[in-house]
Amino acid sequence: MQALRDYIEASAAGHDAFARRVAISAEDLQRIIEGALIDRRLAQRIVDATGGAVTIDELMPEAGGVVDLQARVAASEDEIDQEALTQVLAAILPALVGGANRKGDEHLPRLAADAVAGAYAAMSTVTTRRNADRLVQALQPVFAEILEEMSAPPSRRSEVGPLAREAAERYLQTQARRR
């Protein structure tokens, strides 16, 4: 991935700073530079972080610039607005994690939103639940995993359901206001 390697080498921030900017590990960034396949969401974050200096086609040559519009329109009905969800999660996650603020926590809302959006879309094939119920369904395992990674006490884990419901309701309220 020469274009990305060139961009990072030319930037003053460097490899580690760029990895943090796109919310991935330095090791994952190195794998991408070496040619590892990535998903479209991460590719878009990289394009955004480079201001377009690195393109989607350079990051995902296998896509060949072809977009399946019919699939995209069908999928868009079930897509999560990740920016809006990131904002909601930035407000909710401190309550979940007990207000702890460790190095890297600033990336947690975006990473969680990515995971939730993927789970929400994937569930469209296995559940009839929609809107808030499906979003709660997608939020709960992500919240549980965050607590597991933090080695949170069992008492915090009882808050997953209510906070997932609150996050889903806040997200749907922001979406309703946007329409």
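Using the Cβ-Cβ distance between ASP133 and ALA91 with R0 = 22 Å, the FRET efficiency computed as 1/(1 + (r/R0)^6) comes to roughly 0.55.
FRET efficiency for the pair GLU159 and ILE33, taken as 1/(1 + (r/R0)^6) with r the Cβ-Cβ distance and R0 = 41 Å, rounds to 0.55.
The Rg/Rh ratio for the stretch 2-66, using Cα coordinates for both the radius of gyration and the Kirkwood hydrodynamic radius, is 0.92.
Where a number appears in this text, it was derived from the coordinates with a stated rule and is not lab data. Keep in mind the model is a prediction, meaning the values are calculated, not measured. Reconstructed Cβ throughout: ideal geometry from the backbone, glycine too, with neighbour counts over all protein chains shown.
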